[in-house]
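The values are calculated or read from the model by the stated rules, or taken from the named source; none is laboratory data. This is a predicted model, so every value here is computed, not measured. Neighbour counts are summed over all protein chains in view; Cβ atoms, including those assigned to glycine, are modelled from backbone coordinates with ideal geometry. The area values use the complete protein model at the heavy-atom level, side chains included, leaving out ligands, DNA and RNA. Shrake-Rupley method; radii C 1.70, N 1.55, O 1.52, S 1.80 Å.
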Amino acid sequence: MDAVALALPILIALIVVALFFDFLNGLHDAANSIATIVSTRVLRPQTAVIWAAFFNFIAFLVFGSHVAQTIGTGIISADVVDPAVVFGALMGAIVWNIITWALGIPSSSSHALIGGLVGAGTAKIGIQAIVWGGLLKTVFAIVLSPLSGFILAILLFLIVSWLFRRYTPFAVDRIFRSLQFVSASLYSLGHGGNDAQKTMGIITVLLYSQGYLDGAFHVPFWVMFSCYAAMGLGTLIGGWRIVHTMGSRITRLRPFQGFCAETGGAITLFAATELGIPVSTTHTITGCIVGVGVARRASSVRWNVANRIVVAWVITIPASAFLGAVFYAAAKLMG
């Protein structure tokens, strides 16, 4: 049997593992898409999950593949990638996602994947595997994306409060219960557009490294479609424990506050996706929810929950990098 025939079953198995990661990403992260609209009681959780899953899926009609390009070639060198590296990166991210999901901690699937890539690539040839420009850009976004969401949410809160200052609370709630359908849709589009592309990048660089892509690095349509579908399915099943943490344990929200949080998050995600920056949707919506809470009253934010989330952010890349290196070593031992 020739080398390509031997490699094909492994390739297919790794693509299945990548799509499973994408499914878990939907299960773990896409709760962010519905946290605010559930917290404001505009939609029931079951309905909100279907709503978010639909807009996560159709995001492939809106966005290109800039983030996939960054993940595929901008975190570690594409020349370093082989099946063992991809296996290590995916398994490191998956195991970390399962740990944080079981604990109800809304950590970042995106940064878990990036950490897994860095750990597996470094385990193979050392730190020269890292593309520092792309990695530093992504690490910078760890701080910038929640900060951007925080500032935008506060600004939107102040603008909306001033524009509707003569309206009764009942009238404001009625208006923004309708508008929140728009903001939640846009946020779910942004979430799908940024997060699904990370798995697209992994599958595409694997195909590219094994000689299954003709020409330059590009994302085949079937890869794009299957990644968005897997993520939408994960969203459909939902992550109720994380919804509870994001939506109500950080701060209680009214419909206009939910609108401000989701709109601030959508603007941040649309901009990052267009720039090809793989940001954390968890970080982004948390910054937005904290922003509207602070704009209302700083004491309304449950800072102990927010602090616990920040701790998860800080340890995600190192922990998943360690796991990625361990699984890479395990793959080499088995292979």
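Considering the values (1) 1.00; (2) 0.94; (3) 1.05, which represents Rg/Rh (Cα atoms, Kirkwood Rh) as calculated for the structure under consideration? Step by step, Rg/Rh (Cα atoms, Kirkwood Rh) for this structure corresponds to label (1). Taking a ≥ b ≥ c as the square roots of the eigenvalues of the Cα gyration tensor, the range 22-94 is classed as prolate, since a/c reaches at least 1.5 and a/b is larger than b/c.
Extending 7 Å from Cα along the Cβ direction at residue 170 and again at residue 330 yields two label points whose distance is 6.0 nm. Between residue 105 and any residue 5 or more places off or on another chain, the built amide H atoms are never under 5 Å apart. Ordered from highest to lowest accessible area with the whole protein assembly present and a 1.4 Å probe, 214, 173 read as 214, 173.
The residues of the range 119-245 have, on average, 46 Å² of accessible surface per residue, using a 1.4 Å probe with all protein chains present. The label-point distance for residue 212 and residue 182, in a model that sets each label 7 Å from Cα toward Cβ, rounds to 4.3 nm.
Take every Cα pair under 8 Å in the chain that's 6+ residues apart, average their separations, divide by the length, and report that relative contact order as a whole percent.
39 percent
For the range 13-72, the solvent-accessible area of protein heavy atoms averages 35 Å² per residue (probe radius 1.4 Å; ligands and nucleic acids excluded).
Protection proxy ranking of 255-264, 60-69, by the mean of other Cβ atoms within 10 Å over each peptide's residues and highest first, is 255-264, 60-69. Note on the chain: with neighbouring protein chains present and a 1.4 Å probe, carbon and sulfur make up 73 percent of its accessible heavy-atom surface. Mean residue ellipticity, 222 nm, helices only, the chain: the sum of -39500 (n - 2.57) across DSSP H runs of n ≥ 4, divided by residue count and rounded to 500, is -26500 deg cm²/dmol.
Approximating the spin labels as points 7 Å out from Cα along Cα→Cβ, the residue 8-to-residue 274 distance works out to 4.3 nm.
Could you give log10 I(q)/I(0) at q = 0.12, 0.15, 0.21 Å⁻¹ for the range 1-147, computed by the Debye formula over C-alpha point scatterers of equal weight, without solvent? Ignoring solvent entirely, the Cα scatterers give -0.61, -0.91, -1.44.
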